[in-house]
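Q: Handing you this structure, nothing more for now.
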Amino acid sequence: MSEMKTYDIITVPDPVLRQTAQPVSRVDDAVRKQMDRMLQTMYDAPGIGLAANQVNLLNRVLVMDLSKRTEGSPAAPIFMANPEIIWESEEISVLEEGCLSIPGQAADVERPAIVRVKYLGYDGKEAELSAEGLLSHCVQHEIDHLNGVLFVDYLSRLKRSMILKRAEKIKKQQVL
């Protein structure tokens, strides 16, 4: 297999991270090619999820693969187009989240413990996923990206500004 070209990952404070991605009309070869390239980008980063906004594309596409992180998670990568949360539990879960667009930073985020997501899969067919634990946090985190929301938006103003300042400092150091 030839080495696939990867995307550049967009980092804060780039305004594209605050934009709302638009639905895709269908999953065709162009969308599948984007999904494959996003997955390769995510593996190279390395991360467990990536949304289109993070690679400067504004369509509702995300990829995830938790197999290297958690026992018992789906072994195959998950590709979603137009993902939509159709149900969420009242039970809350708190997990540490990080983000490829906010390098080197992480914080505890509170989210619904279990969600059910409706989406179009890699094959273009409608599918549903019931997610809990890390998968639940990951899919909610990536859908947030598609809506222009970052995990730091769930934190106190003070924590959020500290994390964003540190991320920008890291970014400046990488440029030097």
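The values are calculated or read from the model by the stated rules, or taken from the named source; none is laboratory data. What you see is a predicted model, and the numbers here were worked out from it, not measured in a lab. Cβ placement follows ideal geometry from the backbone for every residue including glycine, while neighbour counts extend to all protein chains displayed.
Q: List, please: which pairs have Cβ atoms under 6 Å, are six or more places apart or on different chains, and start with a residue in region 75-95 that is surrounded by 14 or more Cβ atoms within 10 Å (Cβ to Cβ) and at pLDDT 95 or above and end with one that is in a loop (DSSP other than H, G, I, E, B) and β-branched (Val, Ile, Thr)?
A: Qualifying pairs under 6 Å: ALA81/VAL24; ALA81/VAL27.
Q: Hey, can you tell me all the residues within region 15-39 that are surrounded by fewer than 16 Cβ atoms within 10 Å (Cβ to Cβ), touching a residue at least 24 places away in the same chain (Cβ under 8 Å) and either among the acidic types (Asp, Glu) or outside any loop (DSSP other than H, G, I, E, B) (or both)? If you could, list the steps in order and put the result at the bottom.
A: Here is the first cut: in region 15-39, the residues surrounded by fewer than 16 Cβ atoms within 10 Å (Cβ to Cβ) are 15, 18-20, 22-23, 25-26, 28-30, 33, 36.
The next check asks that each one be touching a residue at least 24 places away in the same chain (Cβ under 8 Å); those that pass are 18-20, 22-23, 26, 28, 36.
Correct list: ARG18, GLN22, ASP28, ASP36.
Q: Can you confirm whether LEU129 is within 20 Å of LEU39 (Cα to Cα) and part of a helix (DSSP H, G or I)? Reasoning before the result, please.
A: Values: within 20 Å of LEU39 (Cα to Cα): yes; part of a helix (DSSP H, G or I): no.
When the stated conditions are applied, LEU129 does not pass them.
Q: Moving on to the next point. Select from region 141-176 the residues that are assigned to a helix (DSSP H, G or I) and of a type in the set (A, V, I, L, M) and list them in ascending order.
A: Looking only at region 141-176, we keep the residues that are assigned to a helix (DSSP H, G or I), and these are 141-146, 151-154, 157-175.
Within region 141-176, ILE143, LEU146, VAL152, LEU158, MET162, ILE163, LEU164, ALA167, ILE170, VAL175 meet the criteria.
Q: Considering only region 52-74, I want to know if a residue exists there that is modelled with pLDDT under 95 and aliphatic (A, V, I, L, M).
A: Yes: one or more hits.
Q: Another question, then. Modelled with pLDDT of 95 or more and within 22 Å of ARG160 (Cβ to Cβ): is that true of GLU110 in this structure? Don't jump to the end; show me each part of the working.
A: On the way: modelled with pLDDT of 95 or more: yes; within 22 Å of ARG160 (Cβ to Cβ): yes.
Judged against the criteria, GLU110 is a match.
Q: Please indicate, with yes or no, whether at least one residue in region 55-70 is of a type in the set (Asp, Glu), outside any loop (DSSP other than H, G, I, E, B) and in contact (Cβ under 8 Å) with a residue 12 or more places away in the chain.
A: Of the residues in region 55-70, the ones of a type in the set (Asp, Glu) are 65.
Checking the rest, the ones that are also outside any loop (DSSP other than H, G, I, E, B) come to none.
The answer is no; no qualifying residue exists.
Q: I would also like to ask the following. Kindly indicate the residue of region 107-124 that is hydrophobic (A, V, I, L, M, F, W, C) and assigned to a strand (DSSP E or B) and also surrounded by the most Cβ atoms within 10 Å (Cβ to Cβ) among those meeting that condition.
A: First, pick out the residues of region 107-124 that are hydrophobic (A, V, I, L, M, F, W, C): 107, 109, 113-115, 117, 120.
Right, trim to assigned to a strand (DSSP E or B) and you get 107, 109, 114-115, 117, 120.
On the way: ALA107: 18, VAL109: 20, ILE114: 17, VAL115: 21, VAL117: 23, LEU120: 21.
Filtering region 107-124 for residues that are hydrophobic (A, V, I, L, M, F, W, C) and assigned to a strand (DSSP E or B), the one surrounded by the most Cβ atoms within 10 Å (Cβ to Cβ) comes out as VAL117.
Q: Consider GLY104 against the criteria (1) within 16 Å of GLY49 (Cβ to Cβ); (2) assigned to a strand (DSSP E or B); (3) of a type outside the set (Phe, Trp, Tyr): it satisfies all of them except one. Which criterion is unmet?
A: Every listed condition holds for GLY104 apart from (1).
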